[in-house]
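First up is the structure itself, then whatever we jot down about it.
The values are calculated or read from the model by the stated rules, or taken from the named source; none is laboratory data. Model, not experiment: these values are computed from the prediction. Glycine also receives a Cβ, built like all others from the backbone with ideal geometry; neighbour counts cover every protein chain displayed.
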Amino acid sequence: MDLKLSGKTAFVSGSSRGIGHAIAEALAGEGAEVILNGRDPVRLAAAVEALRREVPGASVSGVPADFADEDDVNRLCDRLPSVDILVNNVGLFELKAFEQISDDDWRRYHEVNVLSGVRLARRLLPAMLDRGWGRIVFVSSESGVDVPADMIHYGTSKTAMLAVGNGLAKLTRGTAVTVNSVLGGPTYSDGVADTVRALAAAQSIPEEQMKAAIIGANRTSLLGRFIEPAEIANAVTFLASPVASAINGSAVRVDGGVLTTLL
């Protein structure tokens, strides 16, 4: 299927690695001009070069920014060209006992996971509405619906992200602009892989054994394995395309079936 993304410009926050990079690769593969983002300029430059190798002939650039810094985000927005597709992907996550989550932790998770999308949409949505076409996709999580007991700050930030996307979609009535969210399930992103490797090393077992044990403990997963970043990217790229014109205000599940017992 031709997703008709040639000539579109996309910005993907948090795309120097992991799910964000996979989304950028998928968009570039469909012909979109892609702007990557990351905190570290050196790592970001390497990600830009990597994507150019992965998708020969793609138009790829990068703009660094730390989404924990409001001034940095404002500078980022000032540097962005006209953007047709905004993918709000950047986010923090960690396992942490509730009683150990400080007020500063709560503020930081809200700042990065929620306000990142708010600030970008505030700057980019009006121009999309003026042009009459645009796409905003929030990369949320099934944890925003079924909040994990060992990462409540993360889960509630993803709940807030879903609420922001739902509200913004109502501002697009009667236009060809859409706002949707993707509820990803357990995905073997770079960050998750780092955590799994650390757990495996601590228990002196192979990484693959630890992966299987984690998914085996999640008895609601119908997929029975970790989701690959490219599988999340495929859904995001479809929602970002003109082909998905009738999907607006939706929270699309790409969760491997883990929410089956809840919804």
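Would you be able to say whether some residue in region 93-106 is without any contact (Cβ under 8 Å) to a residue 60 or more places away in the chain and in contact with a Ser or Thr (Cβ under 9 Å, 6 or more places away or on another chain)? Break it down stepwise before answering.
The initial filter retains those residues of region 93-106 that are without any contact (Cβ under 8 Å) to a residue 60 or more places away in the chain, namely 96-106.
Restricting the remaining residues to those that are in contact with a Ser or Thr (Cβ under 9 Å, 6 or more places away or on another chain) gives 106.
Yes: one or more hits.
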Go through region 5-40 and count every residue that is charged (D, E, K, R) and outside any loop (DSSP other than H, G, I, E, B). 2
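So which helices (runs of 4 or more DSSP H) stay within region 173-263 end to end and still have 2 or more residues that are among the small types (Gly, Ala, Ser) and without any contact (Cβ under 8 Å) to a residue 24 or more places away in the chain?
On the way: elements: 190-203, 207-217, 229-239.
Passing ranges, in order: 190-203, 207-217.
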Return the residues of region 23-40 that are surrounded by fewer than 22 Cβ atoms within 10 Å (Cβ to Cβ) and touching a strand residue (DSSP E or B) at 6+ places or on another chain (Cβ under 9 Å); say none if nothing qualifies. Glu33
Counting residues that are modelled with pLDDT of 95 or more, of a type in the set (Val, Ile, Thr) and buried (at least 20 other Cβ atoms within 10 Å of the Cβ), which helices (runs of 4 or more DSSP H) fully inside region 41-152 reach at least 2? none
Within region 153-161, does at least one residue satisfy the condition of being in contact (Cβ under 8 Å) with a residue 24 or more places away in the chain, of a type in the set (Gly, Ala, Ser) and part of a strand (DSSP E or B)? no
Collect the residues in region 163-177 that are closer than 21 Å to Gly14 by Cβ and either crowded, with 18+ Cβ neighbours inside 10 Å or touching a Cys at 6+ places or on another chain (Cβ under 8 Å) (or both), keeping them in residue-number order. Val164, Gly165, Leu168
The residue from Leu5, Leu36 that alone is of a type in the set (A, V, I, L, M, F, W, C) and without any contact (Cβ under 8 Å) to a residue 40 or more places away in the chain is Leu36
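Residue by residue, here is whether (1) in the same structural domain as Glu111 (by TED's automatic domain parsing); (2) of a type in the set (Asp, Glu); (3) over 24 Å from Gly155 (Cβ atoms) holds:
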{"position": "Val34", "(1), (2), (3)": "yes, no, yes"}
{"position": "Val42", "(1), (2), (3)": "yes, no, yes"}
{"position": "Glu54", "(1), (2), (3)": "yes, yes, yes"}
{"position": "Asp66", "(1), (2), (3)": "yes, yes, no"}
{"position": "Ser82", "(1), (2), (3)": "yes, no, yes"}
Could you pull out the residue among Ala246, Ala198 that is out of contact with any Cys (no Cβ under 7 Å at 6 or more places or on another chain) and either assigned by TED's automatic domain parsing to the domain that holds Ile23 or acidic (Asp, Glu) (or both)? Ala246
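Among the candidates Ser140, Ser102, which residue alone is assigned by TED's automatic domain parsing to the domain that holds Ile35 and closer than 19 Å to Ala233 by Cβ?
On the way: Ser102 fails: closer than 19 Å to Ala233 by Cβ.
Only one candidate qualifies: Ser140.
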